[in-house]
Amino acid sequence: MPFRIPTTAGQQFSLPWIKYSKIDNPSTGWGVALRMFFEIAFFRSLFRNTKADILNGRLYVGSNKWLWIGALAFHYCFLIILVRHLRFFVGETPWCISLIDSIDSFWQIGLPMLYMTDIIIAAALLYLLGRRIFNPQVKYISLPSDYFPLFLILGIVATGILMRYFAKVDITSIKELTLGLVYLNPIVPKGLGSLFYIHLFLVSVLFAYFPFSKLMHMGGVFLSPTRNLANNNRMKRHVNPWDYPVKHRHYEEYENEFREKMKKAGIPVEKE
Amino acid sequence: MAGLPKPEELISKVNLKKMPSKKWMDTLPVEFKPGFYCYGAKGKNLEYVEFPNARDWSPTDPDWKLPEDWKKIVIEGIKQRLERFRTFHVFMDICVRCGACADKCHFFIGTGDPKNMPVLRAELLRSVYRKYFTVGGKLFGRNGGARDLDLDVLKELWYYFYQCTECRRCSLFCPYGIDTAEITIIGRELMNLLGLNTDWISGPVANCYRTGNHLGIEPHTMKSTLEFMCNDIEEITGIKIEPPINRKGAEILFVTPSGDLFADPGIYNAMGYMMLFHEIGLDYTWSTFASEGGNFGFFTSLEMAKRLHTKIYEEAKRLKVKWILGGECGHMWRVWHQYHNTWYGPVDFLEEPVSPITGTKFENAKSNKIVHISEFTADLIRHGVLKFDKSRNDNLIVTFHDSCNTSRGMGLFEEPRYIIKNVCNHFYDMPDETIREQTFCCGGGSGLNAGEIMELRMRGGFPRANAVRYVREKFGVNMLANICAIDRATLPPLMDYWVPGVRVTGVTELVANAMIMKGEKERTMNLRMEPLPGKEEQ
C-alpha cells in the first residue's frame, strides 16, 4: 500500500483538550481494529446512509436505514444458516450449534420447528431484489451479475425451506450422504428426492461462482485502505514500497532564473 | 451569471429518480456539453514539465491527436497501477453496486446525470478493467459488466473523470470504503499518459514548477504584494509590519496557497496571517520559492504532485527552519497530511514542532513537522495569548463550510469552530448531514474551478448552497467561513448565484479582525476597509 489514505469520519487527534473520534478517525492500531470491527460486524458505514431528494428546487437529505437493515439481516441470517448446516457434517452435533439452533427456533412454532432466520433471510433477499427492480438508480447501475447471485441464493433458500417445512425430507439420509462426503466415502441413500439435489447443485454453483464474482467483497472489505489504516501520517511515517526519486526543480535553478529580479527587490539570494 | 438560466430553472429540470431509457453502456458517444468540460491543455505547458504527448488540443476536436498505440498505453498504465495501488485493485473488484453512494455525490444531485453517480463513474473504468484483467469479464463479456476500450469509451472516461472533485463524500458512505477520489486520481493519471490534461490544471502546474506557485507570481512581485498588504494593515491598525521573505534561520517556514496572495477574499486572510504572526512575535519567514502550498500536480499524477511539493521540503532545508506552518487550504492539506511524509520522510532535518509562544508540542505532527494554522491558532486562543474584541465581527452571522479534504482526509472539525466561536458572537452550523465528515463540496475542487465550467460548478455546488440558504433563512447567516483557498475562489460566485447576500471569508481574517493588537490605533475599518459595526458614520 503506497499511501496512508484513510477516509476520516470524525475529529482528528490533535490538541490534548480536543476530544477526538477514536473509532471513526483512529490514530492508533487499536482504533483501526475497532473501526474494522464495527465496519464488518455492524456495517458502520452503511448505517450512516442518507437519502437525497429535490423538491421544489430544494434539496432534502434525510436518514435512510433500510438498506442497512436489509443487508445486516441478510448477512447474519446467512451466517447463522451456514453454521446451522454444520450439523450435517459432524457425527454428533456440537453444543454450540445446538444452542444456535434452539435460539433460532425460539418461538417453537410448528413441527419441524420454524427457524426465524429462514423467514428473515427470505424477506431480506426479496427486499434486496426489490430494490434492484424498483429503485430507479439501483436498477440503472445493476448488471446481470448483480441479479445472478440474488436469484441463486433465493433458489437455495427456497429449496431449503420447501425441504424442511413442506417436503419434509429425511434428515438422517441427508446426513448419511454428507458424512459420506466428509469421510471421502460417498454413498447415495435412497429416497432423497429432487429438491435436495437441486439445493445441493445450487450451493455448489454458489461456491464455484464465488471467487470470480462480486461476492469477493467478503474478503475485500478487510483490505480497504480507506478503512484499515490509522489517520496518523503526520505522527508516524508510512513507507511506500515502490517510491522512486522524481525530477524536480531545485532552488538553484529558480534563483538562476530570477536572481537579478530578486536582488533588485532586496530579497536575499545564495549567489550574489 | 452570464449564460446561465435562473437558479430555479437550473435545478427544476433535475430528476434524481428518472434514469435514461437506454442502458449506460449504450449511450456513447458522450455529448460534450458546453459548461461541463474544461478546455484542453496547451502544448507549451505540458512540454514545460515534460508531460507526454505535448500538443494543443481541445476536447471537442474529433481528433484528439493521440499517439498511435494509445490503447496499449492505457492498458499498460492500468496494469502498472493495479500492481502498485492496493486501493485501485481492491476498488476495481469489490463493488456490489448497492447504490449507497448514488445520491451522495454533489454532481449527481446537481445534474441528475447517472454517470455522475460515484458507482457508475467508477464502473466506466471498471468495465474496461474487467475486459482486460478478469476471468469473469473475459468469460461473460457485457453480461459480466465488461466492455472494450475504444475512442468513444476513452472520451467518456475523460469527460466524467473531470466531473469529479475528488471530495470523497461517497467513500464515507460506501460499506467497503471504495474511494472514488482514488479512482479519479488514477483515471486522470491514465489520461495524463496521453497528454489529455486540461488547461486550467496544466497551466498552474507549469507555473508552479517555474515560479513555485500556481499563479506564476515571480519573487519580486510576491514581495511587493505582501508589502502592499502591509500598507493596508498599517492604514487599518496603525501598525507597520515588515514581511520576512526568504530569511535564513527563521524558526518557522510559513507556506500558504498562492490564492491568498492574489484575489479577494483570500488576500484578507493573508493580511490576517501577517497580523497574527506580528502580534505574537513569531520568528517566521515566507519563501518566494515555496510560495504555494496547494498542488495542482495532484490533479494530473501523483508523480507530478511529488515533483511540485519537493520545493517545500527543499526550502525548509535551505532556510534552516525548525518546522513548517501551513495556511488554510484543502487539497494542500490532504497532500501534506497523507502524502508528504511518505514522499520525503524521514524529515529528520527539522525539529518536532513546538509552539514558541505556548510551549505546546504538536504531537500529531511530530514526524512530518508540519502544523495547520487552525491547530496553531486554536492553541494560542486556548492559552489566552490573544485578546479579542468580538464585537468587531458583530455585523457577521457566520456559518462554517468544512472543506472536503480537511474533513475526510484529516478530520479538522473542532479547531476552526473553536476559533470562530472565540472571535465571533454569531455562529450557526449548517444541518448535520451537510457538515463535518458529511460536508458537501464547493463544486470546484480538484482543478475544476475553471470559468468555462460555471454551469457544472453551480450544479455541483447546489447541495452546499442549499444548506447555506437554510441557515440564511433560519438565522440570517451572511458570512460563509472556510479554511480553503479553492473555497475562497469558488464559493463567492456560488453564493451570488444561489444565495445572494452571503459573503465568503477565511477563518484567519475573522481572527485578525477581532484581534486587539498591542499598540494599535482605534480601529474603524475591518480588513476589507469597510466600516466596523458602530463606526459607520465616521
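The values are calculated or read from the model by the stated rules, or taken from the named source; none is laboratory data. What you see is a predicted model, and the numbers here were worked out from it, not measured in a lab. When we count neighbours, we look across all protein chains shown, and the Cβ atoms used for this are built from the backbone with ideal geometry, even at glycine.
Values for this structure:
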| item | result |
| --- | --- |
| Qualifying residue in the stretch B:311-322 (condition: surrounded by fewer than 22 Cβ atoms within 10 Å (Cβ to Cβ), assigned to a loop (DSSP other than H, G, I, E, B), more than 10 Å from every other protein chain (Cβ to nearest Cβ) and of a type in the set (A, V, I, L, M)) | no |
| Members of the stretch A:1-20 found to be free of Cβ contacts under 8 Å to residues at least 40 places away in the same chain and at the interface with chain B (Cβ under 7 Å from one of its Cβ atoms), listed by number | A:A9, A:G10, A:Q11, A:S14, A:L15, A:W17, A:I18 |
| Those residues of the stretch A:257-272 which are more than 9 Å from chain B (Cβ to nearest Cβ), exposed (fewer than 12 other Cβ atoms within 10 Å of the Cβ) and in a helix (DSSP H, G or I), in sequence order | A:E260 |
| All positions within the stretch B:253-278 that are crowded, with 24+ Cβ neighbours inside 10 Å and among the charged types (D, E, K, R) | B:D260 |
| Selected residue (only one of A:P211, A:P149 is in contact with a Ser or Thr (Cβ under 7 Å, 6 or more places away or on another chain) and either surrounded by fewer than 17 Cβ atoms within 10 Å (Cβ to Cβ) or closer than 22 Å to A:R84 by Cα (or both)) | A:P149 |
| Test for A:Y254: is it aromatic (F, W, Y), over 22 Å from the mean Cα position of the chain (by Cα) and either facing chain B (nearest Cβ under 9 Å) or in a loop (DSSP other than H, G, I, E, B) (or both) | yes |
| Failed item, numbered, when B:E242 is tested on (1) out of contact with any strand residue (DSSP E or B) (no Cβ under 6 Å at 6 or more places or on another chain); (2) away from chain A (no Cβ under 14 Å); (3) under 26 Å from B:R318 (Cα atoms) | (2) |
| Residue list for the stretch B:160-197, restricted to those being on the phi > 0 side of the Ramachandran plot, touching a residue at least 40 places away in the same chain (Cβ under 8 Å) and within 9 Å of another protein chain (Cβ to nearest Cβ) | B:R168 |
| Neighbours by Cβ (under 8 Å, 6+ apart or cross-chain): first from the stretch A:201-215, closer than 18 Å to B:R97 by Cα; second of a type in the set (S, T, N, Q) and part of a helix (DSSP H, G or I) | A:S213/A:S145; A:K214/A:S145 |
| Single residue of the stretch B:100-117 satisfying the filter (part of a loop (DSSP other than H, G, I, E, B) and over 18 Å from B:R168 (Cβ atoms)) that is farthest from the other protein chains (Cβ to nearest Cβ) | B:D113 |
| Search result, residues across the stretch B:336-354 that are more than 10 Å from every other protein chain (Cβ to nearest Cβ) and either of a type in the set (V, I, T) or touching a Leu at 6+ places or on another chain (Cβ under 8 Å) (or both) | B:V354 |
| Members of the stretch B:286-310 found to be surrounded by fewer than 23 Cβ atoms within 10 Å (Cβ to Cβ) and closer than 24 Å to B:H220 by Cβ, listed by number | B:T310 |
| Test: residue in the stretch B:279-289 that is part of a helix (DSSP H, G or I) and either more than 14 Å from every other protein chain (Cβ to nearest Cβ) or without any contact (Cβ under 8 Å) to a residue 60 or more places away in the chain (or both) | yes |
| Condition met for B:R457 (away from every other protein chain (no Cβ under 13 Å) and under 23 Å from B:K104 (Cα atoms)) | yes |
| Test: A:Y115 is surrounded by 13 or more Cβ atoms within 10 Å (Cβ to Cβ), under 30 Å from B:D432 (Cβ atoms) and without any contact (Cβ under 8 Å) to a residue 60 or more places away in the chain | no |
| Unique match (being of a type in the set (D, E, K, R), outside any helix (DSSP H, G or I) and loosely packed, with under 14 Cβ neighbours inside 10 Å) among A:D53, A:D24 | A:D53 |
| Test result for B:I94, within 11 Å of chain A (Cβ to nearest Cβ), surrounded by 19 or more Cβ atoms within 10 Å (Cβ to Cβ) and touching a strand residue (DSSP E or B) at 6+ places or on another chain (Cβ under 8 Å) | no |
| Residue among A:R48, A:R44, A:R35, A:R84 that is out of contact with any Leu (no Cβ under 6 Å at 6 or more places or on another chain), of a type in the set (D, E, K, R) and under 30 Å from B:K13 (Cβ atoms) | A:R48 |
| Test: residue in the stretch A:35-43 that is touching a Phe, Trp or Tyr at 6+ places or on another chain (Cβ under 7 Å), touching a residue at least 24 places away in the same chain (Cβ under 8 Å), on the phi > 0 side of the Ramachandran plot and among the aromatic types (F, W, Y) | yes |
| B:F133 modelled with pLDDT of 95 or more and hydrophobic (A, V, I, L, M, F, W, C) | yes |
| Close pairs from the stretch A:235-249: first farther than 16 Å from A:P225 by Cβ, partner of a type in the set (S, T, N, Q) and not in a loop (DSSP other than H, G, I, E, B), Cβ under 7 Å, at least 6 apart | A:M235/B:N364; A:R237/B:N341; A:R237/B:T342; A:H248/B:T310 |
| Residue in the stretch B:138-155 that is over 15 Å from A:I141 (Cβ atoms), under 20 Å from the mean Cα position of the chain (by Cα) and not in a helix (DSSP H, G or I) present | no |
| The stretch B:361-398, residues that are part of a loop (DSSP other than H, G, I, E, B) and either within 9 Å of chain A (Cβ to nearest Cβ) or under 20 Å from A:T28 (Cβ atoms) (or both) | B:F362, B:K366, B:S367, B:N368, B:K369 |
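Results for (1) surrounded by fewer than 19 Cβ atoms within 10 Å (Cβ to Cβ); (2) out of contact with any Pro (no Cβ under 7 Å at 6 or more places or on another chain); (3) in the same structural domain as B:V507 (by TED's automatic domain parsing); (4) outside any loop (DSSP other than H, G, I, E, B), shown as yes or no for each residue.
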site	(1), (2), (3), (4)
B:M332	no, no, yes, yes
B:H337	no, yes, yes, yes
B:D348	yes, yes, yes, no
B:F400	no, no, yes, yes
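For every residue, the table says whether it meets (1) touching a strand residue (DSSP E or B) at 6+ places or on another chain (Cβ under 8 Å); (2) surrounded by 15 or more Cβ atoms within 10 Å (Cβ to Cβ); (3) of a type in the set (G, A, S).
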residue	(1), (2), (3)
B:S12	no, no, yes
B:K18	no, no, no
B:K23	no, no, no
B:D26	no, no, no
B:C38	yes, yes, no
B:F51	no, yes, no
B:I73	no, yes, no
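For every residue, the table says whether it meets (1) away from chain B (no Cβ under 13 Å); (2) over 28 Å from A:P26 (Cβ atoms).
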| residue | (1), (2) |
| --- | --- |
| A:E39 | no, no |
| A:F42 | no, no |
| A:F47 | no, no |
| A:L55 | no, yes |
| A:R58 | no, yes |
| A:S63 | no, no |
| A:W68 | no, no |
| A:L86 | yes, yes |
